[in-house]
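Each value in this text was obtained by applying a stated rule to the coordinates, not by laboratory testing. Just so it is clear, the structure is predicted and the values come from calculations on it, not from any experiment. Counting neighbours? That spans all protein chains shown, and the Cβs are built from the backbone with ideal geometry, glycine included.
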Amino acid sequence: MAYDATFHKSKRKLEDEGPPFEYTAENRARFDEIVKRYPPDRRRSAVLPALYLAQHQQGYITANAIRHVAQCLGITRADVEDVVSFYTMFYTKPVGKFVLQVCRTLSCALNGAERVTEELQEKLGIKPGETDATGTFTLIEVECLGACDRAPVVMVNDAWQECQAPEDAGKLIEQLRSRGEAALTGCHHIVEHK
Amino acid sequence: MDPILTKYVREPNSFTLDFYLAHEGYDALKMALAKKPDEIIEMVKASGLRGRGGAGFPTGMKWQFVDKKIEPRYIACNADESEPGTFKDHLLMERNPHLLIEGCLIGCYAIGAKTAYIYIRGEFFHVQRVLEQAIAEAYAKGFAGKNILGSGFDCDVYVHRGAGAYEAGEETALLESLEGKRAQPRNKPPFPAVVGLYGKPTAVNNVETLCNVPLVVKNGAEWFTKLGPEKNGGPKLYCVSGQVKRPGVYEASMNITLRELIEGYAGGVRDGRTLKAVIPGGSSVPILMPDQLDTQASFDAIQKAGSLLGSAAIIVLDDTTCMVWLAENLLHFYRHESCGKCTPCREGTDWLHKIVRRIERGEGQMNDLDMLSSISANIAGKTLCAFGDAAVTPIVTTLKHFRHEYEAHIREGKCTLPASWRARNTHVHAGAH
């Protein structure tokens, strides 16, 4: 892979127009609720939640989704694409059912995060940034997730797997296949689950 | 000091309104609403409460600077906790969300704002659910919304979740992001207190800072100042992580020393290992050496020792850690997170990362070391926000204390301290997005 960070944010291009996109009635209602949090002449503020709704509905952000979000907010498509290409949590191509996001920053790395990524790579046969052939797993390395006391941490979709030992990477994958996100440790602060 | 902010965080249902009300919750709001807004600002000023996000700026002063002639005004709570090594605000929001809501409401009352936005980082999905549930409970019982507790004071509190950008933690970048744009910083001055969210006066305060406000109102400024050394009052949350036995969030007064936090609370380094260095305030601050462990963990003492308390994120490094590897790890972070607005930072972090990476792989040359210093000097102080200064710190500080490790890498043509916990294939993280 070419390694060139110059204008690195703009490398993540929209790969497809996608099918026609419109919020479902339910998502449209949620959008209308969210927009009320901001002054009436500042609807643009809702662009991140509006994009989250689109991503939740379709799995990733397409050019058609951007067009719809822009229309709903009364801003240009360029305004929306500007945001999509800046923030790392919007996907511009399809991802697997489980997106494994391994924290690679210092406290996790000091506790074996690099080995976690290596083990996951080996078990899944994919490199960071790739999705496996069955569309089940996407592997990504991410920067500090803010759970440094439970290193190494892996975020799977929107849930946390804490203290992930490299040697148990295979077990994590098996467990996710059989039990889904219920297999994850979750956040240790939530004592009610224990 | 017994925990105050985190006293109940391990108890079941500590995040509910019922629990909070059973433990003097919202008493401070009632007391505040009985006072004049200016009195609250004076009280916070007298307490000497300093911002817990990193800079340690006095909160009362910040509130005083908010231009009271312009309407509307806002509070933007910075809950974008993203500084590597920091995980304290997450605990407060997850387990004690009503304390933050109460702090936001009192802050709004003090500066005459009617809206507070809590900007949480994109990865805090669960925190969003907890906070929104808590806010709904607060509205239902009349603690937020219209005519709060019959006082005539109206105030809305909303959660706004980011989408993965370290730079959103910089106060003006946070406001840009809240306005629906890229999280890129603005030129300062004007400061947010004068021209902030939507161009209106705005106080941007960290979560832990706002959580301290109800304590000041309830117990008085004097009580707060007496909890720590001069100008470093109040309870403080410390995040200890890295190569220690018991990493975690620990609450103490700023009288405590780094040694007590690392060796006492966190159990010290693992058996058979020795302490090599400590990063006392998140990845953006200079390293302290083992002989500085008796430094008091206060804003002023750490600064005097040559570093910064920052977000009180103490990252502990033992003797298995290669400092060139560490610099590479952190430069990868800064290179990835640079928002791209200022050229020295956007280009320079990439250059620094490339050079330090080749040294780590044994492909460096001795003149690379001067080049690292020269590039660092051309980034620091030459960018709109403090990111530039932060990004060069891992290079500058490791070169200062561990230049011999860089030289050994270059001389021997390989990493001289390849720990077993590191990747076996050195090219593993080239694929990070």
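The loop-placed trypsin sites (Lys or Arg not before Pro) in region B:1-43, going by DSSP, that have at most 13 neighbouring Cβ atoms within 10 Å of their Cβ come out as B:ARG10. Axis angle, to the nearest 10 degrees, between helix B:343-360 and the longest C-alpha principal axis of chain B: 40 degrees. Exposure proxy shown here: for B:THR59, A:THR92, the number of other Cβ atoms within 10 Å sets the order, fewest to most, as A:THR92, B:THR59. Return a whole-number percent for the relative contact order of chain A, with Cα pairs under 8 Å and 6 or more residues apart as the contact set. Once divided by the residue count of chain A, the mean separation gives 17 percent.
For a modelled paramagnetic label at B:LYS245, 7 Å from Cα along Cα-to-Cβ, the residues of region B:298-327 in reach, with backbone nitrogen under 17 Å, are B:316-319. Need one number: % antiparallel among DSSP beta bridges in the protein assembly as shown, to the nearest 5. Of those bridges, close to 45 percent are antiparallel. Averaged over the residues of peptide A:96-107, the number of Cβ atoms from other protein chains lying within 10 Å of each residue's Cβ is 5. For region A:98-193, what does the alpha-carbon gyration tensor say about shape, rounded, prolate or oblate, given a ≥ b ≥ c as the root eigenvalues, a/c under 1.5 as rounded, and a/b over b/c as prolate? Oblate, because a/c is 1.5 or more while a/b does not exceed b/c. Enumerate by residue number the GluC sites (Glu not before Pro) in region B:2-77 meeting two conditions: DSSP loop (anything except H, G, I, E, B), and at most 11 other Cβ atoms within 10 Å of the site's Cβ. For GluC sites (Glu not before Pro) across region B:2-77 that sit outside H, G, I, E and B with at most 11 neighbouring Cβ atoms in 10 Å, the list reads B:GLU24. Counted residue by residue at 0.36 nm each, then reduced by the alpha carbon distance between them, the extension gain from B:GLU11 to B:PHE65 reaches 15.6 nm. Most mobile of B:SER241, B:SER14, B:SER298 per a Gaussian network model of chain B (Cα springs, under 10 Å)? Residue with maximal mean-square fluctuation among B:SER241, B:SER14, B:SER298: B:SER14. Calculated [222 nm] ellipticity per residue, helices only, for the protein assembly as shown: -12000 deg cm²/dmol; basis is -39500 (n - 2.57) per DSSP H run with n ≥ 4, divided by all residues, nearest 500. Sites counted here are chymotrypsin sites (Phe, Trp or Tyr not before Pro) in a DSSP loop (not H, G, I, E or B) having no more than 16 other Cβ atoms within 10 Å; the longest part of chain A that contains none of them is A:8-194.
Region B:157-172 and region A:80-150 have Cα centres separated by 21 Å. Between B:TYR198 and B:ASP2, the modelled label-to-label distance comes to 4.4 nm, taking each label 7 Å out from Cα in the direction of the beta carbon. In this simple spin-label model, placing a label point 7 Å from the Cα along the Cα-to-Cβ direction at both B:LEU21 and A:GLU130 gives a separation of 5.7 nm.
In a DSSP loop and with at most 12 other Cβ atoms within 10 Å, the trypsin sites (Lys or Arg not before Pro) in region B:85-186 are B:LYS146. When chain A is treated as a Gaussian network with alpha carbon springs shorter than 10 Å, the biggest mean-square fluctuation among A:ALA46, A:ALA29, A:ALA63 belongs to A:ALA29. How far apart, in nm, are the 7 Å Cα→Cβ label points at B:PHE125 and B:SER420? Label at B:PHE125, label at B:SER420, 3.5 nm between them.
Find how much the distance from B:ARG411 to B:ASP294 grows on full extension, using 0.36 nm per residue of separation minus their present alpha carbon separation; answer in nm with one decimal. Before the final figure, lay out the partial values.
Working: separation 117, 0.36 × 117 = 42.12 nm, distance 3.52 nm.
Here the answer is 38.6 nm.
Given the options A:ALA25, A:ALA133, A:ALA50, which has the most mean-square fluctuation in a GNM of chain A, springs set between C-alpha atoms less than 10 angstrom apart? Result for chain A, Cα springs under 10 Å: A:ALA25 fluctuates most.
Counting only Cβ charges, +1 for Lys and Arg and -1 for Asp and Glu, the dipole size of chain A around its Cα centre is about 500 debye. Based on Cα contacts under 8 Å between residues 6+ apart, region B:235-306 shows a relative contact order of 28 percent. Seen against the Cα atoms of chain A and their longest principal axis, helix A:169-179 is set at about 60 degrees.
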